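These notes concern the structure reproduced below.
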Amino acid sequence: MAPHRKEGKGCFLVLIILSAIPVVFFLLTFLGGNYLTYVYMRYLAVDRGLITRRPPEVSEAEFKRDLIILDRFYDEGNAGKIPGRDVVNLSSELKNMLSYPGPVRPEVLNLVVGHARQVMQQYHLGSPSEPGR
């Protein structure tokens, strides 16, 4: 008579791996959640999403200045110079602005960029147009 085969090792291994996936996900979110937010908002929402929705009424030079301000805002937030609540507030404004179809309205873009400028000045981060910044 053959010895009894131990079955279920593969199933047990699959269950261990599947239960580790949420743990790894939550660990990444906890440790790198802010970084992922900054990367998403800066590179995907600002650099890609906003560029494709440029208002035709705004000149390219002015639009590039606005993009530089928003990029700098997220860089300063990632560096910890701007608190997370201010970054989240501006991010929600930016997401709301991009949620409507078609090009972005210039007055709404000016409000969002003005808000970013105001927050940077509040934390004494200077003007984005200063040399060396």
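Rounded to the nearest 10 degrees, the inclination of helix 9-39 to the longest alpha-carbon principal axis of the chain is 10 degrees. Taking the C-alpha atoms only, the angle from helix 106-122 to the longest principal axis of the chain is near 80 degrees.
Find which of G102, V58, G77 sits farthest along the positive direction of the dipole of the chain, computed with +1 on the beta-carbon of Lys and Arg, -1 on that of Asp and Glu, about the Cα centre. Checked the options; the winner is G77. Kirkwood radius, the chain, all distinct C-alpha pairs, inverse of mean reciprocal distance: 17.5 Å. Near the amide H of I82, within less than 5 Å, lie the amide hydrogens of G77, all on another chain or at least 5 residues away, with H placed in the peptide plane.
The helix-based estimate of mean residue ellipticity at 222 nm for the chain, built from -39,500 (n - 2.57) per DSSP H run of four or more residues and divided by its residue count, is -21500 deg cm²/dmol to the nearest 500. About its Cα centre, the dipole of the chain is roughly 580 debye, where the only charges are +1 on Lys and Arg Cβ and -1 on Asp and Glu Cβ. For the pair D71 and Y40, the difference between a 0.36 nm per residue extended length and the Cα-Cα distance amounts to 10.0 nm. Distance between the 7 Å Cα→Cβ label points at V14 and L111: 5.3 nm. Annotation for segment 26-68: GluC sites (Glu not before Pro) lying in DSSP loop with at most 15 further Cβ atoms inside 10 Å of their Cβ are E57. Where the alpha-carbon atoms of segment 4-76 are placed on the principal axes, they occupy 78, 24, 10 Å, in descending order.
Just so you know, all these numbers are worked out from the coordinates, no wet-lab data involved. Note that the structure is a prediction, hence the values are computed from the model and not measured. Positions of Cβ are generated from backbone atoms using ideal geometry, with glycine treated the same way; all protein chains shown enter the neighbour counts.
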